[in-house]
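The values are calculated or read from the model by the stated rules, or taken from the named source; none is laboratory data. Note that the structure is a prediction, hence the values are computed from the model and not measured. Here the Cβ is made from the backbone with ideal geometry for all residues, glycine too, and neighbour counts use every protein chain on show. Ligands, DNA and RNA are excluded from the accessible area calculation, which covers all protein heavy atoms including side chains. Shrake-Rupley method; radii C 1.70, N 1.55, O 1.52, S 1.80 Å.
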Amino acid sequence: MHLFAPWVDVLQGSGDKLTQWWQSRRATAQGGCGEVFLVGAGPGDPELITVRGMRLLQQADVVIYDRLVAPALLDYCPRGTRKLYVGKQCGRHSVPQQDINALLVREAKAGRIVVRLKGGDPFIFGRGGEEMAELREAGVRVSVVPGITAAAGCAASTGIPLTHRDHAASVCLVTAHRRDGAPALDWAALAADPHRTLVCYMGLSELAEISQQLTRHGLPPETPVALVSEGTTARQRALRCTLASMADAAAQAQLPSPCLVMIGDVVTLADPERVKHRLEATADV
Ligand code: SAH
């Protein structure tokens, strides 16, 4: 069954603006060098891709995709589309970034329309910036189609607004996972504002460190935290705990990745049906 059938049919109506736009892009590609589209696949639920992203998937010659992309999305590619997986294999390393860059350049230079499909948004911890720079350097045309980033997806699926006039005046997306040699996070700045929501990407293996650093720099240990695993999918699990208890809560619940860490007062607004309290009687302070 095609989840998107009703509106895809509408979009495919002859003469619509998107079709014309697409045809002109393809004609350009056939005249020589192809084009790469860095497309955000959304946070997990396959319905959370944009209309433009879906349209491109349906027209691509090649789709190069990551681990976090919902597999159901690939079913919307035409039969002849080549689908190349470049994510992390179980127990093996992911394809090195330079090899992905070289693959994108090679496929585009062979005159193909290439969709580089990435989880969430390509420009939020997605290395979209690195790929874009390489493609530009190689003289390949590259366009970006934004996606719903995990923070926005998980906020919606847990009922935790990222900002709220009574709770948080700003939101900060941060990763604890840094490239070797990158400067350390400015923990003092991150802990400085209790009226800010902090959302940590790639934080599951760093929970103890995040908790320690933020409390050491002044964020109260009882600050509410939500851990959201496989957010927006049918497998979503979300736990409410505190800054002090989050590492224990995740370990006890054996939360799988991908997991997002949402920190701040807005967590108190979570939908109780979707975000369960953990460790209330034990490590919670
Ligand atoms: N570009 C992506 C982020 C890639 S980094 C985006 O915009 O969302 C990968 C990290 O994103 C994961 O380690 C996790 O912290 C977070 N993430 C991605 N998808 C998620 C999901 N469905 N649920 C929870 N966290 C998710």
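Ignoring ligands, DNA and RNA, what accessible area per residue does segment 150-283 give at 1.4 Å, in Å²?
48 Å²
Given N residues in segment 18-145, what is Rg(Cα) / (2.2 N^0.38 Å)?
Compared with the compact-globule rule of thumb, segment 18-145 sits at 0.98.
Rounded to a whole number, what % of the accessible area of segment 18-145 do carbon and sulfur atoms account for, probe 1.4 Å?
The C+S portion of the solvent-accessible surface of segment 18-145 is 48 percent.
Restricting the calculation to Cα positions, tell me the Rg (one decimal) and the Dmax (whole number) of segment 150-283 in Å.
My reading of the Cα-based Rg and Dmax gives 13.5, 42 Å.
Starting from the Cα of GLU47, step 7 Å toward the Cβ, then list every residue of segment 232-261 with an amide N under 16 Å from that point.
Flagged as within label range: 232-236.
In nanometres, what is the gap between the two model label sites at LYS276 and ARG106, each 7 Å from Cα along Cα-to-Cβ?
It works out to 4.7 nm between the two label points.
Amide H to amide H, which residues 5 or more places from VAL69 or on other chains are under 5 Å from it, using H placed in the peptide plane?
GLY119
Sticking with the crude label model, points 7 Å out along Cα→Cβ, report the distance from LEU269 to GLN252 in nm, one decimal please.
Distance between label points: 2.7 nm.
ASP75 to ALA133: extension gain in nm, 0.36 nm per residue of separation minus the Cα-Cα distance?
Extra length available between ASP75 and ALA133 comes to 17.9 nm.
May I ask you to give the solvent-accessible area per residue for segment 18-145, in square angstrom, as obtained with a 1.4 angstrom probe?
Roughly 48 Å² per residue, with all protein chains present.
At a Förster radius of 25 Å, what calculated FRET efficiency corresponds to the Cβ-Cβ distance of THR163 and GLN98, to the nearest 0.05?
0.10
What distance in nm separates the simple spin-label points at LYS88 and ALA189, each placed 7 Å from Cα in the Cβ direction?
About 2.7 nm, to one decimal.
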